[in-house]
Amino acid sequence: MIRTFLQLAGLFSALSLSAFGGGKVVLPSMHQAAVSEYAWMTDQQFVDLFSISMAAPGPSMMVVSLVGLKACLSYGFWFAILGAFIATVAMFVPSSILVFIAGKWWDSWEESPWRRSIQQAILPISTGLILAATWIIAKTSIHSIPTVIMAAVALALMLFTKINPVLMMGVAGAISWFFLR
Amino acid sequence: MGNQEAPNPKEPPALWELAALFAFIGVTSFGGGLTAYIRRLVVSQKRWLTDEEFLPGLGLVQLLPGANVVGLSVYIGNHLRGPIGSIVALTSMITPPFILVCCLGFLYFHAGTTTDTKALLAGVTAAACGLMASMVFEAGQKAIKGIFDVFLILLTFALVRVAHLHVPYVIMIVAPIAIWWHRPRTGKQKVESTGAEQ
């Protein structure tokens, strides 16, 4: 049990400091650790939990809490909550401390040409990582004609309209429940 | 703090006001366009910060790891009320969604896989997949300035999906190449002190 807590803390604090371009870029690592390396859950459960966290309001990376919850679920209710708490703190606190510390030097650094360089250099890396994350989700979630259609419609809606994603995912769930149950 | 600044002569907000606003942001926030949303609330509506104070913070959190919205809560909290403000803003933003997803998580594992939950989640996961794909397009649009950026995207993807490296290692490998490629330069020479565009 203590080992699981330490694994959660170690994994998510390392990912916290690697999440250049937002939390979703570390999703491939989270998946690899939770499903393959530590075997906390199945592939399907990971994708389900990720989708649940996306469909719920809040910062997009709340899947971290759910990974922590599932990792400790077999130890009982309170330990599951403690696991979720440890994972969440490990994910959000290190990057926040960095913002806090870096903020003190930011003024002197803001005008440096290297700032733009690094900013532009991060973009293709985060794009590649989000692509890898999408791949992982697609592999499990796209398995039939209806799911292909729903994903394509969701993509089109996100690209071409200003629909609220939480609303869109709720509607997708309702439609799917109505037709596929 | 902030007393001599002409455009913003007011007292900084009380801690509970800070907590209330960030709890509100926490439960109403989602995905893209969020920084614009926070700016509207904090700069335009509440007038706690001016654009001159807000925009450097945005530049900072975009460069550092972590979700922008989380970094902004720390930056804004610190700017208004110091370290305590940071802690208050961050915890009040994270706590309500945390409680919510934990409830949903227990519900998911308690309900198990029935035909109903399977059908419901099939739609939700498919939509999540479409949503993620849209983020690839949005990020790619900003990232691709030339053919080398496409190479960097594919290299990153291959290191994760084919070589199964963890994200921190992937960044350690690709970031030096990417920063070298996008280094500040004038003409063909590398000149560090000028702010010229490549």
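The values are calculated or read from the model by the stated rules, or taken from the named source; none is laboratory data. Because the structure is predicted, anything quoted here is derived from the model rather than measured. Ideal geometry is used to build each Cβ from the backbone, glycine not excepted, and the neighbour counts take in all protein chains shown.
Here are some notes:
- Every test in (1) within 27 Å of A:Leu157 (Cα to Cα); (2) assigned by TED's automatic domain parsing to the domain that holds B:Ile179; (3) of a type outside the set (Asp, Glu) is passed by B:Leu121 save one, and that test is (2).
- Answer from B:Val74, B:Val43 - the residue that is modelled with pLDDT of 90 or more and at the interface with chain A (Cβ under 7 Å from one of its Cβ atoms): B:Val74
- Only one of the numbered conditions (1) polar (S, T, N, Q); (2) exposed (fewer than 15 other Cβ atoms within 10 Å of the Cβ); (3) more than 22 Å from the chain's Cα centre (by Cα); (4) more than 7 Å from every other protein chain (Cβ to nearest Cβ) is violated by B:Gln141, and that is (3).
- Contact map, segment B:134-162: residues that are farther than 16 Å from A:Ala121 by Cβ paired with residues that are among the hydroxyl-bearing types (Ser, Thr, Tyr), Cβ distance under 6 Å, separation 6+ or inter-chain. Pairs shown: B:Val136/A:Thr134.
- Members of segment B:1-40 that are in a loop (DSSP other than H, G, I, E, B) and either modelled with pLDDT of 85 or more or not assigned by TED's automatic domain parsing to the domain that holds B:Leu80 (or both): B:Pro12, B:Pro13, B:Ala14
- Checked against the criterion of being modelled with pLDDT under 95 and outside the structural domain of B:Phe30 (by TED's automatic domain parsing), the candidates B:Leu165, B:Leu107, B:Leu155 yield just one match: B:Leu165.
- If you go through segment A:19-67 and keep only what is small (Gly, Ala, Ser) and under 22 Å from B:His164 (Cα atoms), you end up with A:Ala19, A:Gly21, A:Gly22, A:Gly23, A:Ser29, A:Ala33, A:Ala34, A:Ser36, A:Ala39.
- Matching residues in segment B:110-134 - criterion: being modelled with pLDDT under 90 and small (Gly, Ala, Ser): B:Ala111, B:Gly112
- Just one of the listed residues (A:Ala84, A:Ala71) is more than 8 Å from chain B (Cβ to nearest Cβ) and within 20 Å of A:Gln44 (Cα to Cα), namely A:Ala71.
- Residue check, A:Ser126 touching a residue at least 60 places away in the same chain (Cβ under 8 Å) and in contact with a Ser or Thr (Cβ under 6 Å, 6 or more places away or on another chain): no
Listed here are the residues, each with its yes/no results for (1) under 20 Å from A:Ser141 (Cα atoms); (2) surrounded by fewer than 24 Cβ atoms within 10 Å (Cβ to Cβ); (3) assigned by TED's automatic domain parsing to the domain that holds A:Val63.
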{"site": "A:Ser18", "(1), (2), (3)": "no, yes, yes"}
{"site": "A:Val26", "(1), (2), (3)": "yes, no, yes"}
{"site": "A:Tyr38", "(1), (2), (3)": "no, yes, yes"}
{"site": "A:Thr42", "(1), (2), (3)": "yes, yes, yes"}
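- When the criteria are applied in full, A:Ser13 meets the requirement of being more than 9 Å from every other protein chain (Cβ to nearest Cβ) and polar (S, T, N, Q).
- Being surrounded by 19 or more Cβ atoms within 10 Å (Cβ to Cβ), in contact with a His (Cβ under 9 Å, 6 or more places away or on another chain) and small (Gly, Ala, Ser) is true of A:Gly103.
- Helices (runs of 4 or more DSSP H) contained entirely in segment A:1-115, each with at least 2 residues that are within 27 Å of B:Ala111 (Cβ to Cβ) and without any contact (Cβ under 8 Å) to a residue 60 or more places away in the chain: A:43-55, A:63-71, A:77-109
- Within segment B:147-154, not a single residue is closer than 26 Å to A:Ser13 by Cα, among the charged types (D, E, K, R) and assigned to a helix (DSSP H, G or I).
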